[in-house]
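Input: a single structure, listed below in structure tokens.
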Amino acid sequence: MALFRSTPIAPLEYTRKLWMRSWVGLTMLFLYAPLLVLMIFSFNDSKRNVVWKGFTLKYYEKALNNDSLVEALVNSLTIAFLATVISLIIGALAAVMLWRFRFPFKGLVEGTMSLPIIVPEICLGVAFLIFFAKVDWPTDLPWPLNLSAITIAHITFCFPFVAMVVRARLASFNKEEEEAAKDLGATEWQAFRDVLLPHIKPGLVAGALLAFTLSLDDFVITFFTSGPDTITFPVKVYSMVRFSVTPEVNAASTILILLTVILTFIALKLQGVKGIAETH
Amino acid sequence: MTDTKAPIIQIRNVSKRFGKVTAVDNISLDILAGEFFVLLGPSGCGKTTLLRMIAGFEMPTEGQIIIDGQDMSLVPPNKRPVNMVFQSYAVFPHMNVTDNVGYGLRIAGVGKNEIKDRVAEALELVKLGGFEDRMPDQMSGGQRQRVALARSLVMRPKVLLLDEPLSALDAKLRAQMQFELSDLQDKVGITFVTVTHDQDEALSMASRVAVINKGEVAQLAAPSDLYEYPANRFVADFVGSVNIFEGKLTLDEPDKAAVDCPGLGKVYLNHGVTGPHGADVWVALRPEKIYLHVPGEGKAIRAAAQDAPDGHNLARGTIKGMSYLGDITLYEIQLEGGQIIRVSRPNLSRHDQEDFTWDDKVSMHWRADSPVVLLS
């Protein structure tokens, strides 16, 4: 009996209040219902994606056998990977520079760096279209070099996010730790590697995740910078949907969702519980 | 072993300016090998800047710092024979205790086995045996400080610098650490240079103290000299608690002197002060060196007469404030001239504090060697 005796709900025990629980439930529903429907209907044995007709895996087969769709997916993942790595380096260095040094026009530099975040994507897309046309960027390069234009465009809008996240992380860094490392004999680089880098690691992981997903699902800017041979996944899906929304699209999207979930999981694992504990 | 009388750190005419602000103003002093040296001063007096210049984190605007005979002007912090314990301890949060303490040795390329031995030895020294695998966030502030200490001591520096080492600890732990630090310094024989704003800390640990005020050395002396023979009003007031009265020097002979203080009356001393006759001077009188008496009794006068045969150091007043501090009771007494004088009295028996209370008329006397005459 004693086990089930319920204590009265304390004023701050929100998790035990009905209205709080239903609010959380509604939020979850709102966020994930569309995704769930998309995934469920990827198994629907019907050409039209409206009524449930029965379970099948044939659309997965179809999607994976669709060469242009697979090619687009590979392109997207390649671009996302390259853009993430380069954004990470540029973004982290920019963050450290802005955090550590004082120099003339620092405010201006800081402002222009976050510009790609606030400028509407459509404007960036058009800007890149004009830019690459003006500089006569070669379009007939072999794979993966033909993805360079899109990758450059993606880096442009990804690295400010990395810089922002890393900068926020740097704000909590105790500069005495770096001085302590130097005091114990470390050079500038050793102190960076052994003390500063471990501190900003959670920021780097978060920034990488942000950059990767931003790049992977970007449509607008990619649409303006991609050529006929450099179709990315979102652009391909868009062109498929223009004819009809088949379960094939659902299947491809489900694969993509799965991929990102796995990647996120790995990234969080890499960061470790310790990294999260250190954030205090 | 190094000669304990030789200076290990020579600070020569060092100034540091940040823009228009002068943090350190032409300081010259020698720190001797093997001593426990304390830089004491209020916040913003430049003591931390001086310490950071010794460590190499700040460069002097002018002057020279010589450590162990070597000019440090162009030597970066990672190449100096000194190590620092930071105010925040700056223990690396992502490394366990062993890795923290062994960090400097790893950087120096010391062999694995030697690192292991020296880390164990250092941890033993700071009484952290058994904590090898702990992460810093699983330790208390006091334990983290020991990690920082071990991390510096393991490097066997010529000089250990400590920036406000006890300021973040609670009162009990602070008192304990004061003893432990002195003890540790005795054991390892390394020169310690500590920065603090806490006079108790300075008095209890130091072999010598430099009191810093506004970027300049106000006085450099052993703790007891600092307290009993302050050189000026700043030191008298900053180190300990003191009553200061303005007056004129009316008598100054080799074996006696007298100062006429409008607030206190005539103050007699049993030694000369070698000040200019008739000059404006200040008399400093510590609260614990004043005896309290119930007035009307001849005892006070007799006691005073015995202590100062050439002139009685006597005063009368009314108790206006009292604070009972357990071991002592502090009285604020309004003198007949209106000024307030502070007197402390040890509670030698359980009922001592009942002897005097608010608005009581009292007499006071002090010995002729108690007052200090300050010329500035």
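The values are calculated or read from the model by the stated rules, or taken from the named source; none is laboratory data. Just so it is clear, the model here is predicted, and its values are computed rather than measured. In this analysis, Cβ positions are derived from the backbone assuming ideal geometry, glycine residues included, and neighbour counts consider all displayed protein chains.
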Being within 17 Å of A:Ala92 (Cβ to Cβ) and more than 13 Å from chain B (Cβ to nearest Cβ), is that true of even one residue in the stretch A:139-152?
no
Show the residue pairs that are 6+ apart or on different chains and have beta-carbon atoms under 9 Å apart, the first residue being within the stretch B:102-119 and over 19 Å from A:Lys182 (Cβ atoms), the second being small (Gly, Ala, Ser).
B:Ile115/B:Gly102; B:Lys116/B:Gly102; B:Arg118/B:Gly102; B:Val119/B:Gly102; B:Val119/B:Ala150
The stretch B:147-180: number of residues that are free of Cβ contacts under 8 Å to residues at least 40 places away in the same chain and under 15 Å from the mean Cα position of the chain (by Cα)
5
Six or more apart or on different chains, Cβ under 8 Å: which pairs go from a residue in the stretch A:177-204 that's farther than 14 Å from B:Gly102 by Cα and more than 10 Å from every other protein chain (Cβ to nearest Cβ) to one that's of a type outside the set (Val, Ile, Thr) and not in a helix (DSSP H, G or I)? Could you list them?
A:Leu196/A:Phe173; A:Ile200/A:Phe173
Return a yes/no flag: does the stretch B:147-162 have any residue that is out of contact with any strand residue (DSSP E or B) (no Cβ under 7 Å at 6 or more places or on another chain), assigned to a loop (DSSP other than H, G, I, E, B) and in the same structural domain as B:Ser224 (by TED's automatic domain parsing).
yes
Checklist (1) within 14 Å of chain A (Cβ to nearest Cβ); (2) in contact with a helix residue (DSSP H, G or I) (Cβ under 7 Å, 6 or more places away or on another chain); (3) of a type in the set (Val, Ile, Thr) applied to B:Ile67, failing item:
(2)
Qualifying residues in the stretch B:97-127 (those that are in a loop (DSSP other than H, G, I, E, B) and under 32 Å from the mean Cα position of the chain (by Cα)) - the one surrounded by the most Cβ atoms within 10 Å (Cβ to Cβ)
B:Val126
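This table checks each residue for (1) under 30 Å from B:Val372 (Cα atoms); (2) within 14 Å of another protein chain (Cβ to nearest Cβ).
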position	(1), (2)
B:Leu149	no, yes
B:Arg156	no, yes
B:Gln178	yes, no
B:Lys187	no, no
B:Ile190	no, no
B:Ala221	yes, no
B:Ser224	yes, no
For the subset of the stretch B:70-92 comprising residues that are touching a strand residue (DSSP E or B) at 6+ places or on another chain (Cβ under 9 Å) and assigned to a strand (DSSP E or B), which member is farthest from the other protein chains (Cβ to nearest Cβ)?
B:Asp71
Identify all residues within the stretch A:7-55 that are in contact with a helix residue (DSSP H, G or I) (Cβ under 8 Å, 6 or more places away or on another chain) and among the acidic types (Asp, Glu); write none if there are none.
A:Asp45
Filter the stretch B:50-62 for residues that are within 14 Å of chain A (Cβ to nearest Cβ) and in a helix (DSSP H, G or I) and give the result.
B:Leu51, B:Arg52, B:Met53, B:Ile54, B:Ala55
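Let's see how each residue does on (1) in contact with an Asp or Glu (Cβ under 7 Å, 6 or more places away or on another chain); (2) buried (at least 20 other Cβ atoms within 10 Å of the Cβ); (3) not small (Gly, Ala, Ser):
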{"position": "B:Gly130", "(1), (2), (3)": "no, no, no"}
{"position": "B:Val147", "(1), (2), (3)": "no, yes, yes"}
{"position": "B:Asp186", "(1), (2), (3)": "no, no, yes"}
{"position": "B:Gly189", "(1), (2), (3)": "no, no, no"}
{"position": "B:Val209", "(1), (2), (3)": "no, yes, yes"}
In this structure, does B:Gly130 turn out to be part of a loop (DSSP other than H, G, I, E, B), more than 14 Å from chain A (Cβ to nearest Cβ) and not charged (D, E, K, R)?
yes
